[in-house]
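Inspection log for the structure reproduced underneath, given as structure tokens.
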Amino acid sequence: MTKVDNRELIVLKRNNVAYQPIQIQEINYKVAIYLRLSRDDENIGDSESIINQREFLTKYVKNQTNWELEDIYIDDGFTGTNFNRPGFIRLKKDIEKGKINLVITKDLSRLGRDYIDTGYYLEKYFPAKRVRYIAVNDGIDTFEKNNGNNDMGAFKSVVNDMYAKDISKKVRTAKRTKAEKGEFIGAFAPYGYKKYPNDITKLVIDEEVADVVRYIFSEYNKGNGLSYIARRLNERKIECPSIYKQRTTKYHCKTLTGLWGHETIKSILRNRVYIGELIQRKGEMVSYKVKKYITLPEGEHIIQKNAHEAIISKEEFDLAQSILNMKTHKVHRKGSKEHLLSGLLYCPRCHNKYRFQKQTGLENDMVAICSVYNRYGKEYCSRVAIKESILNKAVKDDLKVIAKERINKNKIISLKEVKSLQKEKSKINKQKFAFDRRFEEIDKMIKSSYEDKVKGILTTEEFIKITNEYREEKEKLKLRIKQLEKQLNSYEDTKEDEIMKIIKSITDFENIDRNIIITLVNKIEIIDSETIKIYYKFSE
């Protein structure tokens, strides 16, 4: 055995034949340091800070041979319960490009706290991409086959997941407690207010835009409409609430136009925050893992009166509500036309919806026109209009052509059965909704009966009798609701058949109504006065 260029060369001789030397080479690693800190982790201490993570891991990488630091990926303020984080997404893209073959974190919890997703990256994603993963403090190294700490990774992920769940519960409890004390718990102050500099749980009037709120209430109470007020604010170049919030906070604006609209005006007129009231806990996330926001019933809202200084007097606010309520219920006139394509038409230039309106010279027809152009003018979008009759014919004809080319009529059945099925599903949904409401009413009545018992209005015997009757009704309702849910679930399997049935009606040149259009079409873009682009729900 000899040494050449610091690499071992093994020369074997068998039957006096010399074999080629085998060179044992070390892997050169392109290293990615991944740092993560959620807002909840900030309470743990300085050891978990981004700066300390960076210093610790950078020093660790420098002390290794054949390791080259490629990049540092940071997610500051992002939860570990999911992997939808910008820094981690960028890291994955670089792994896909082959720029990274070693990922290192301070510990496993920095990679993630959801044990299912974390396990996926440890057991499947990194190995499939031939990427080595190291969690320094946990002693995990996926390229060390005899490392016992690797086997403990799954258990550590479960513990990290349980920690995230515990933190979530504590945060929810803390927020509820603060809301009940009249403290503001929102991430951003409502338009017209800002958080007090020395106490972010208190709201103070934002004088920079408070006059805009006063103007809105004043103009509306004078009889001017929502669209009129929005137009005046846009003419004066006043920033809409989302744009203003983005400029003054860390809020990321999602508005397409950046303009005031009548819905924004209405939401301000409806908001009781402007008379000094705090209405909080209007909704919450489903769980610490499912980041879906659900709206809570009004009975669960936390209301605090005189929580901060009012911008609008109660008299002004009440007047605005009475005007809004009078205009809320629209009069549905006999013979009013339902548009076949209403809600499906979009402008490819500003990405807002088209609307139908009358045009001089067209007595029996209407035109579709961009809602942004119609409301704000040519400065914000182009005038591209198209007759409704032309639109309807084009969509119907296209559906018929597609259906005739692609559908085997012998394998599908009539539209009559589809409508019957839809009608039955609608009927079941209405029954279930009624039963659900009754179920909630019974809970309230049991609670009310208990309060009457405590107050002495009901005797113990009366209370027991009433509650027993209610409980029997609840059990029957529960059974009936389960039956209806089972029936509805059975209909879900027939969704594809429904579409096939609908297409059958098209191929047979039956009437194409709005229900058919909504079932088959996602959206329609108005390219120009003679061209449209249809996005269908089926693959072709």
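For the range 63-72, state whether one or more residues are under 31 Å from the mean Cα position of the chain (by Cα) and outside the structural domain of Ala187 (by TED's automatic domain parsing). Spell out the reasoning first.
Our first condition is that a residue be under 31 Å from the mean Cα position of the chain (by Cα); within the range 63-72, this holds for 71-72.
Add one more test, that the residue is outside the structural domain of Ala187 (by TED's automatic domain parsing), and what stays is 71-72.
Taking every residue of the range 63-72 in turn, at least one turns out to be under 31 Å from the mean Cα position of the chain (by Cα) and outside the structural domain of Ala187 (by TED's automatic domain parsing).
Considered as a group, the residues in the range 257-280 that are free of Cβ contacts under 8 Å to residues at least 40 places away in the same chain, not in a helix (DSSP H, G or I) and not aromatic (Phe, Trp, Tyr) include one that is nearest to Gly192 (Cα to Cα), and that residue is Gly276.
Among the residues of the range 205-256, those identified as farther than 25 Å from Lys353 by Cβ, in a helix (DSSP H, G or I) and hydrophobic (A, V, I, L, M, F, W, C) are Val209, Ala210, Val212, Val213, Phe217.
Residues that are surrounded by 15 or more Cβ atoms within 10 Å (Cβ to Cβ), at pLDDT 80 or above and part of a loop (DSSP other than H, G, I, E, B): does the range 396-411 have at least one? Within the range 396-411, none of the residues are surrounded by 15 or more Cβ atoms within 10 Å (Cβ to Cβ), at pLDDT 80 or above and part of a loop (DSSP other than H, G, I, E, B).
So which of Thr2, Thr81 is at pLDDT below 80 and either in the same structural domain as Lys250 (by TED's automatic domain parsing) or in contact with a helix residue (DSSP H, G or I) (Cβ under 8 Å, 6 or more places away or on another chain) (or both)?
Numbers: Thr2 fails: either in the same structural domain as Lys250 (by TED's automatic domain parsing) or in contact with a helix residue (DSSP H, G or I) (Cβ under 8 Å, 6 or more places away or on another chain) (or both).
Selected residue: Thr81, the only one of Thr2, Thr81 that is at pLDDT below 80 and either in the same structural domain as Lys250 (by TED's automatic domain parsing) or in contact with a helix residue (DSSP H, G or I) (Cβ under 8 Å, 6 or more places away or on another chain) (or both).
Looking only at the range 205-217, residues that are farther than 17 Å from Asn325 by Cα and either touching a residue at least 60 places away in the same chain (Cβ under 8 Å) or of a type in the set (D, E, K, R) (or both) come to 8 in all. Residues that are of a type in the set (Ser, Thr, Tyr) and closer than 21 Å to Phe143 by Cα number at least 1 in the following helices (runs of 4 or more DSSP H) confined to the range 59-129: 108-111, 115-120. Any residue in the range 249-257 that is aliphatic (A, V, I, L, M) and loosely packed, with under 13 Cβ neighbours inside 10 Å? Among the residues of the range 249-257, at least one is aliphatic (A, V, I, L, M) and loosely packed, with under 13 Cβ neighbours inside 10 Å, which makes the answer yes. Scanning the range 357-385 for residues that are closer than 20 Å to Asp513 by Cα and touching a Ser or Thr at 6+ places or on another chain (Cβ under 7 Å) yields a total of 1.
The values are calculated or read from the model by the stated rules, or taken from the named source; none is laboratory data. Small disclaimer: the values here were computed from a predicted structure and weren't measured. Cβ sites come from the backbone with ideal geometry, for glycine too, and all protein chains shown count toward neighbours.
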